[in-house]
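The values are calculated or read from the model by the stated rules, or taken from the named source; none is laboratory data. Nothing here was measured: the structure is a model prediction, and the numbers come from that model. In this analysis, Cβ positions are derived from the backbone assuming ideal geometry, glycine residues included, and neighbour counts consider all displayed protein chains.
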Amino acid sequence: MEKKEFEFLLKQGEGLKLEFKEGFDSKNLAKEIVAFANTEGGRIFIGVNDKSEVKGIQITNKLKSEVQDLARNCDPSINIKLETMDNVLIVNVDEGVNKPYRCSAGFFLRQGSNSQKLSTDEIRDFLIKKERYYLMIVLIPHLVLRTGLIKPNLIFS
């Protein structure tokens with residue numbers, strides 16, 4: 001990340017794809033990682049307070065390993081990328097492809113600038129939407145092509 005982008009994001013403040021954490025708290029960080037993976041992805045700036053002020057943290061290999069372990073221990077595991085800027089640890093979380101993700105505290109989604117825990121009904125709805133998407137995008141086109149109802153050259157021409 002370039003310095004200009006970092007400063008722009010600080011001015012923009014927290015939102016759907018950006019969260020600030022003044023310090024490292026493993027339980028809260030795991031929730032944020034899961035919420036971003038279950039939504040559209042995003043970034044977590046560790047070392048920035050809610051007023052967008054850079055407080056900075058001591059970035060060590062141990063801290064980086066702990067953050068990576070948090071993401072790996074989610075179910076399923078979440079891939080993250082770490083960056084540093086001005087004593088701020090930036091955790092980049094891509095939108096997950098194996099949704100829904102959970103951490104030890106449960107399932108979370110990003111809603112605006114907050115990460116919300118999902119209820120049992122919301123988890124059920126989440127899974128139903130995922131299955132519908134799989135049916136519409138993957139299974140039905142495969143079956144239609146396989147059964148010969150539509151010729152491949154009509155789809156790809």
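Going by the structure shown, is Ser52 surrounded by fewer than 18 Cβ atoms within 10 Å (Cβ to Cβ), among the hydroxyl-bearing types (Ser, Thr, Tyr) and not in a loop (DSSP other than H, G, I, E, B)?
no
So Ile140 fits all but one of (1) surrounded by 18 or more Cβ atoms within 10 Å (Cβ to Cβ); (2) of a type in the set (A, V, I, L, M, F, W, C); (3) more than 15 Å from the chain's Cα centre (by Cα); (4) at pLDDT below 95; what number is the exception?
(1)
Which ones in region 64-91 are among the small types (Gly, Ala, Ser), within 18 Å of Phe107 (Cα to Cα) and not in a loop (DSSP other than H, G, I, E, B)?
Ala71, the sole residue that qualifies.
For region 8-25, enumerate the residues that are over 15 Å from the mean Cα position of the chain (by Cα) and either loosely packed, with under 14 Cβ neighbours inside 10 Å or part of a strand (DSSP E or B) (or both).
Of everything in region 8-25, those that are over 15 Å from the mean Cα position of the chain (by Cα) and either loosely packed, with under 14 Cβ neighbours inside 10 Å or part of a strand (DSSP E or B) (or both) turn out to be Phe8, Lys11, Gln12, Gly13, Lys21, Gly23, Asp25.
Taking only pairs six or more apart or across chains, which ones have beta-carbon atoms under 6 Å, a first residue in region 91-108 that is assigned by TED's automatic domain parsing to the domain that holds Lys64, and a second residue that is of a type outside the set (Val, Ile, Thr) and in a strand (DSSP E or B)?
Listed pairs, sorted by first residue: Asn92/Arg43; Asn92/Lys81; Val93/Gly42; Pro100/Phe107; Arg102/Asp75; Gly106/Lys117; Phe108/Ser115; Phe108/Lys117.
Out of all the residues in region 30-49, which are among the β-branched types (Val, Ile, Thr) and not in a helix (DSSP H, G or I)?
If the condition is that a residue be among the β-branched types (Val, Ile, Thr) and not in a helix (DSSP H, G or I), then Thr39, Ile44, Ile46, Val48 are the ones that fit.
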